[in-house]
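The next block holds one structure in the form of structure tokens; read it before the comments.
Here, each number is a calculation from the coordinates, and none is a lab measurement. Owing to the predicted nature of the structure, the values given are computational and were not obtained by experimental measurement. So basically every Cβ, Gly included, is an ideal-geometry build from the backbone, and we count neighbours across all protein chains shown.
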Amino acid sequence: MWLSNADKELREEEWNTTLMELENDQFVGRSRELQHFREFIESSKDTKRILHVYGMGGIGKTFLIHAFQRLAERLDGMVFLGLDSEDFAQSPSMLAEQLLFQLDAKLSLKLSNSHEPPLNQCLHMLKESSKNHRIIIAVDTYEKIGSLDRWFREVFLRSLPESISIILAGRHPLTAGWMESPAWRSIITQVKLTAFTYDQTRLYLSKAGVTKHSEIQDYWRFTNGHPLTLSLSAMAYGNKEDTDHHPHEKQEILTYLTSKWLSEVNDPELQRLLEAAAVLRHFDQATLNFILDERTTTTAFTRLTSLSFVNRTNHGWGIHEIIRSAIVLNIQERTPEHYESLKRRSASYYLQQINRNQSSTWEIAEYFYHLGEEVIRSAFFQEKDQQKKYIEPVGAHNFKEVEEYFQKRNRYDQDSVAHYYNRETDTTYHYYVSAEHNQKENDLIGAEYVRKLGFNVGRIVKNEEGDMVGLSLIVPINKHTIEQLKKEPVSRAYFSQLSKEEVEEYRVDEDSYAGWFIRMLDCLNPEDSHTRSFLLYSLFPLLLSGGRIITSTPIPFFQQLTQAFGFEKVPNATHYDFGPDQPSPTFLLDVRGPRLIQYLKQFSQTVSLEKDHVLHVADRHQLTKREKEILLSIHGELSNKAIAEQLHITEITVKKHVGSILKKFQVKNRTQLMKRIMEMSPYL
């Protein structure tokens, strides 16, 4: 039998020895998956078992199958037969021939020279071999088995002896044909492979000779722990002179990966949908309809969302971050004008949604993302692990945690640099803070600040384990807080120089606010760019607050961010609270009442985005060329007289065209017209 010990348990020495060999050969992580495999072979001696490993392209399925094989072949009597679905060209006879060849190579079988079909010979030899050996049949790239899937499941597997175990590896979970049957479900274990953790990435890189902390951080930001991307990057690091065989530059690596991933995309319609979806961070059928300016069929959309690298998100679907970056780079290189068009249409879509509903933080965030300001994209949208963090308001019940936070912060007295990486442009923004600034901040603020201004100024950021990793202090401005803001360092430069009339505007009731003062966005680990990004993203709701947003900082990176967001520098409100050589301007953004939409429209692309939208809607409503010109002028808020002068026609003619336009849109005046147009989707 395959095991000599009476209890028929795996021999620990052989198992552990093989694990050590794997680790020495750069095998990293996957302890959970290896444990699944161990349980699989221990439990499948007398009962047929199926282990299915799946995950997106490049996630390490084939490498894991090879590890399974090495572990299995160290055990007495175990025979591991490894196949790839592409090797037998969806032909049962070729599958049989592949298995017979491997059986003969591993067991030195005496194959008969009969004219019996290969499949019959194969089943016979498997049955005979399984009497004295444990046999595992592994099939890689199972997603390409195609029409052979049903035969493999219903005919081939059912013909095998119960003692033979099966391993399948593919990009997708097993289809309904497998999982709808209680009989199959009872013997199948499905294991989804995910990217490496940071610690696993660091271990992998150390085996490849990458040991500098800064280089490890760079690789982590670029790869997000995706095994194939990591492998190619490490290979480039170690073989910089070998330029003939492997991609070396990051863009070359992404281009190579694109070709691997897009093997699932086999027709132009799906390719077009995928390109549009890649420009978006989140998409659904309506979003794609808008930016492509046509209806997407449910069948095509289902095919898109069935790709292995497309997953559900909180707002529809999304493409894996690295793949998305690779596809976007590919579009930019091939058809830059098409990419710019898709990006404009995406921003236009979210602007339209904001016009309809000014209460959606998420849509405002997406609008800023698609405007394309690189520093905003890089700092606010570091997506990895964002969903694993959450915000907890400060109250009496957890104020002790705030005190502990500042105690820990006071112990940090070093320079720090957080890096914000943009994969699509291969650009890294550096948020540098000196040790002197950190120490001065510790002198200026502590838990007492929260006690004086109220618990509601504080919000704790926690990770999925419930550990405190960050803290934000954002002060609602009202009659309770404004007097204190006049006295406190950093805020006093602005609030103490306000006129009586301006102060009165801020002196609203304590349960309300007239604006916000952003005092601190902080992380326990100053180099934790993901938590900082999470804190920055959490500021978007302030844009919907209907008040004024004020902040002050001596840090150049944050000054750049505030100005990119349209904050204006306040005259006579620069202070030196952080030191005589640290000028700290005060910045203000006013989004009261209708100013929000005006603010959003101030960005240079917005006018052209709305213009594109108006023209698309005009085409759908069959406006004449002259009517389109007049409609654009109405959008530009020109009077009939100004339109007449601009187009060199009479004012009466303008009025006739305006009347025709109003009739086509079934509205009574210009205000209703523009409201109707901005609420319309152009593909209808």
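Numbers for the structure displayed
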| item | result |
| --- | --- |
| Efficiency of FRET between E448 and H124 - r from beta-carbon atoms, R0 56 angstrom, step 0.05 | 0.10 |
| Overall form of the chain per C-alpha gyration tensor (a/c, 1.5; a/b vs b/c) | oblate |
| Shape of the range 474-551, Cα gyration tensor, a/c cut at 1.5 | prolate |
| Two-site label geometry, F455 and E294: point separation in nm, points 7 Å out along Cα→Cβ | 5.8 nm |
| Stretch gain in nm, segment H397-Q102, where the contour uses 0.36 nm per residue and the Cα spacing is subtracted | 99.6 nm |
| Calculated FRET value between Q672 and R70, using beta carbons and R₀ = 56 Å, to 0.05 | 0.20 |
| Antiparallel bridge percentage (DSSP; both residues within the chain; nearest 5) | 60 percent |
| Additional length obtainable on full extension of the chain from L498 to H430, 0.36 nm per residue less Cα span | 21.0 nm |
| Contact order relative to length of the chain, as percent, for alpha carbon pairs under 8 angstrom and 6 or more apart | 9 percent |
| Gained length - H315 relative to K486, 0.36 nm times residue gap less alpha-carbon distance | 57.4 nm |
| Label-point separation, S545 to V155 (7 Å along Cα→Cβ), nm | 6.9 nm |
| Above-threshold pairs, the threshold being 29 Å between Cα atoms, out of K343/K656; K611/K668; K260/K462; K61/K462; K569/K641; K388/K601 | K343/K656; K260/K462; K61/K462; K569/K641; K388/K601 |
| Length-normalised contact order for the range 386-593 - Cα pairs under 8 Å, 6+ apart - percent | 19 percent |
| Point-to-point label distance, K408-E42, nm (Cα→Cβ direction, 7 Å offset) | 3.7 nm |
| Percentage relative contact order, the range 604-679, counting C-alpha pairs under 8 Å, at least six apart | 30 percent |
| Karplus-derived HN-Hα couplings along the range 66-79 (A = 6.51, B = -1.76, C = 1.60, θ = phi - 60°), whole Hz, x at Gly and Pro | 5, 5, 4, 5, 5, 5, 5, 6, 7, 9, 4, x, 8, 10 |
